[in-house]
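Bear in mind that the values in this text are calculations on the coordinates, not laboratory data. The model shown is predicted, which means the values in this text are computed figures rather than measured ones. Please note: Cβ atoms are built from the backbone with ideal geometry, for glycine as well, and neighbour counts cover all protein chains shown.
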Amino acid sequence: MTMIIPIRPDVSISANQAAIKAAREIADLLREKLNAVIGLATGGTQVAVYRELVRMHKEEGLDFSHATFFNLDEFIGIPPDHPQSFHRYMNEHFFNHVNANRRHVHIPNGMSNQPLAESARYERMIKEAGGIDLQLLGIGRNGHIGFCEPGTFPNSKTHATALTPETRKDAASSFGGLRHVPKSAITMGMATILRSKRIIMLATGKTKAKAVEAMLTGPVTRDCPGSFLQGHPNVSYYFDQSAYARVAIAQSMPTPQP
Ligand code: F6R
């Protein structure tokens with residue numbers, strides 16, 4: 001007997017292969033629907049996705065000029081040109097190298113002195129754009145999605161949130177120490193994310209194995225916001241072998257007999 005999980009993940013040998021498959025799914029949608037609304041994520045995992053999208057733009061003419069982009073999140077209190085801001089990340093890894101129309105590129109303003117109003121504005125813009133056709137996601141070691149940290153309600157909209165100690169610790173080395181890591185962020189909410197017509201979840205590396213296991217096989221719970229994806233009808237899961245390792249082991253274990 002093997003354990004059955006309610007989805008069919010695509011498991012690649014390497015992290016790079018998994019990212020390339022995720023990038024291809026985005027490209028396929030853009031070829032079908034030039035003016036697609038695409039939700040984007042940041043983080044180490046996604047660097048290879050953007051590398052592939054940039055390659056497809058340069059070598060295959062993949063056209064981003066009619067698409068609209070909404071990023072998931074941004075730190076509160078660091079300016080857009082800060083080396084660790086998600087604005088900067090997106091420009092360096094993606095927008096500076098493709099033909100996206102800057103007027104259609106949206107990232108929450110972490111420097112707004114009214115984060116509540118900024119969150120409401122962002123949520124409204126997504127709605128006015130007709131909602132997100134395809135949302136790219138990664139997962140944090142603690143199961144967060146965007147910066148929907150453990151405890152986030154499934155009906156949450158874009159909001160300002162405190163970052164958990166684990167999330168801040170994971171960011172510490174890139175910020176040159178824990179004390180430099182922002183304490184809060186603006187993030188799309190779980191409801192904002194779950195309203196996307198399609199979702200790509202990409203997770204790679206062994207540090208994500210526990211979160212992937214909880215997301216796919218654990219209960220649907222606020223303790224692991226990733227688990228809310230179990231209730232979404234159209235998620236493509238891309239993993240490398242290391243991130244999927246714990247699920248693979250559990251699947252191959254015989255079910256204990258009474
Ligand atoms: C950031 C975001 C986060 C990351 C997650 C994993 O925009 O969406 O949820 O996807 O923290 O980050 P990495 O890929 O750096 O492990």
Can you tell me the relative contact order of the range 84-209? Whole percent, Cα pairs under 8 Å, sequence separation 6 or more.
30 percent
J(HN,Hα) series, the range 212-225, from Karplus relation 6.51 cos²θ - 1.76 cosθ + 1.60, nearest Hz, glycine and proline x:
5, 4, 5, 5, 8, 10, x, x, 7, 8, 5, 5, 9, x
Okay, helix-only estimate at 222 nm for the chain: each DSSP H run of n ≥ 4 adds -39500 (n - 2.57), divide by all residues, round to 500 deg cm²/dmol; what do you get?
-11000 deg cm²/dmol
Taking Cα pairs under 8 Å and at least six residues apart, what relative contact order does the chain come out at, in percent?
25 percent
In whole Å, largest first, what are the principal axis extents of the Cα atoms in the chain?
60, 43, 35
Amide H contacts under 5 Å for S184, restricted to residues at least 5 apart in sequence or on another chain and with H modeled in the peptide plane, are I76, L163
Could you work out the pair-distance distribution P(r) of the range 92-189 from its alpha-carbon pairs, with 10 angstrom bin width and percents rounded to whole numbers?
13, 40, 38, 9, 0
Centre separation in Å (Cα based) which lies between the range 203-258 and the range 24-39:
27 Å
Show the residues, 5+ positions off or on another chain, whose built amide H is closer than 5 Å to the amide H of Q135.
G39, R198, I199, I200
Over the range 153-258, what portion of Cα pair distances is larger than 24 Å, expressed as a whole percent?
37 percent
Looking at this model, which pairs from K21/K58; K169/K210; K157/K206; K58/K127 are more than 29 angstrom apart at the alpha-carbon?
K157/K206; K58/K127
Note down the nm distance, to one decimal, between modelled labels 7 Å out along Cα→Cβ at R124 and at L34.
3.1 nm
In bins 5 Å wide, starting from 0, what share of all Cα pairs of the range 1-69 does each bin hold, as a percent?
3, 15, 22, 23, 16, 10, 5, 3, 2, 1
Using the Karplus curve 6.51 cos²θ - 1.76 cosθ + 1.60 with θ = phi - 60°, what ³J(HN,Hα) values do you get for each residue of the range 66-80, in whole Hz, with x for Gly and Pro?
9, 7, 10, 10, 10, 7, 5, 7, 7, 5, 8, x, 10, x, x
Sequence order, the range 174-179: Karplus ³J(HN,Hα) from phi using 6.51 cos²θ - 1.76 cosθ + 1.60, θ = phi - 60°, Hz rounded, Gly and Pro as x, gives 5, 8, x, x, 4, 5
